[in-house]
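Structure first, commentary second.
Just so you know, all these numbers are worked out from the coordinates, no wet-lab data involved. Only a predicted model underlies this, so the values are computations on that prediction, with no experimental measurement involved. All Cβ positions, glycine included, derive from the backbone under ideal geometry; neighbour counts span all protein chains shown.
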Amino acid sequence: MNYKIAVVPGDGIGPEVIDQALRVLDRIGEKYNHTFTYTKVLAGGAAIDATGKCLPQETIDVCKASDAVLLGAVGGWKWDNLPGDERPERALLGLRKELGLFANLRPAMLFEELSQACPLKPEIIEGGLDLVVVRELTGGIYFGEKGTKETEMGPAAYDVELYSEEEVRRIAIVAFDMAMKRNKKVTSIDKANVLESSRLWRRVVAEVAKDYPEVELNNLYVDNAAMQMVLNPKQFDVIVTSNIFGDILSDEASQITGSIGMLPSASLAKGNFGMYEPVHGSAPDIAGQNKANPMATILSAAMMLRYTFGLGQEADDIENAVKKVLSDGYRTPDLMANGGKAIGTKEAGELITSAI
Ligand code: NAD
Ligand code: IPM
Ligand code: MN
């Protein structure tokens, strides 16, 4: 089979981690006789520098004409003072909206080999941790009305959090479907004690839950949830939450895995189309130094094989290769707190490739 992949390396460590993911995909292609065709396109700071626009139309067109998108990361200090709608991050939001990627899956799994890299006490993580954050990705405060105005207190700015019942329903269905394939537990996280949009969220999630009698539903306020994530993360199976709460809680959950450099993600539209990217950003502080952990991006490529292409065996191969490299003791700098055999971005990609 031939699979068409739009590749958006982006900025900072983006191109470095993407190179390693492509190398791993090539190895899978060779082993299983698949052809992966890559079309590299610009978005973010790289696109601003080359074309003046953070998200050129060509990039959108190529992504739409592909079977899936693999993205590194966008953003960096160089572009931090541009107006909001011209910033590199705007490209990412534009792609999510244009491609209809409303469901963002962010699995946080602790590889046993990395239990020492997790900052939580051994008794908290004993027996392993395995949760997935299902984050609503094309609504809420990220996409609500925004602007500036004069107030009694002087110049002010605002961003509106708005959710329709339908937006909540479709993300809740994704979460409950996922729970049915896992441990049948959904935790919906909101701020229903304060926000009207959260009260609507909670009501609609409860309605969807009626269609899944086998799944246990819990509701938590986001402040409590942030605390529970470090106090007792084992209570979570599937978390479903809004765009902004999911952004924050998934970075928190990443620490369970030992490093943000380990956390992959899938952003899915209706059907099988998806964009796959690590949860981390462009890490300008370590860019260009062969220090970035490429595992989050490589595991995102595995999610692409599993979810969009239906290649479960191939995805398993990649995940097992990552485990093998970790259990052989190799560590990129972000995972070195407790020692190990030091490797860089390229060596990590090489080792994973040869373990497949
Ligand atoms: P970041 O995730 O880029 O970095 C946070 C910290 O984690 C840094 O110390 C960094 O060195 C480290 N880190 C991140 N990824 C790593 C990896 N793979 N291996 C080892 N260490 C890693 O977050 P930030 O510093 O808040 O943001 C930097 C830029 O990235 C900003 O412009 C931000 O808007 C952007 N950003 C982009 C995305 C995306 O494209 N999906 C996501 C988050 C942030
Ligand atoms: C993420 C990032 C993005 C977000 C930014 C860069 C727009 O933090 O993917 O988690 O907030 O969604
Ligand atoms: Mn984020």
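Data overview
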read-out: Highest-fluctuation residue, ASN320, ASN338, ASN272 considered, GNM on the chain with Cα pairs under 10 Å; value: ASN338
read-out: Order of GLU350, GLU123 - criterion: other Cβ atoms within 10 Å of each residue's Cβ, fewest first; value: GLU123, GLU350
read-out: Positive minus negative residues near ILE352 (Lys, Arg vs Asp, Glu; Cβ under 15 Å); value: -4
read-out: Residues with amide H under 5 Å from that of ALA108, placed H, sequence gap 5 or more; value: LEU131, VAL132, VAL133
read-out: Kirkwood Rh in Å, taken over the range 125-250 so that all alpha-carbon pairs contribute; value: 15.3
read-out: Per-peptide average of other Cβ atoms within 10 Å, ordering 205-215, 5-15, 154-164, 107-117 highest first; value: 5-15, 107-117, 205-215, 154-164
read-out: Note, ³J(HN,Hα) from phi for the range 296-302, Karplus 6.51, -1.76, 1.60, rounded to Hz, x at Gly and Pro; value: 4, 6, 5, 5, 5, 4, 5
read-out: Estimated FRET transfer efficiency when R0 is 41 angstrom, pair ASN219-GLU86 (beta carbons, to 0.05); value: 0.60
read-out: Additional length obtainable on full extension of the chain from GLU145 to LYS185, 0.36 nm per residue less Cα span; value: 11.0 nm
read-out: Spatial separation of Cα centroids for the range 154-190 and the range 248-308, in angstrom; value: 20
read-out: Simple spin-label estimate for THR35 and ASP130 in nanometres, 7 Å along Cα-Cβ; value: 3.7
read-out: LYS53 versus SER327: modelled label distance in nm, points set 7 Å from Cα along the beta carbon direction; value: 4.9
read-out: Note, ³J(HN,Hα) from phi for the range 313-330, Karplus 6.51, -1.76, 1.60, rounded to Hz, x at Gly and Pro; value: 4, 5, 5, 4, 4, 5, 5, 5, 5, 4, 4, 4, 5, 5, 6, 6, x, 7
read-out: Residues with amide H under 5 Å from that of ASP11, placed H, sequence gap 5 or more; value: ALA73, VAL74, GLY75
read-out: Amide H partners (placed H, <5 Å) of THR187, local residues excluded; value: ASN218, ASP237, VAL238, ILE239, VAL240
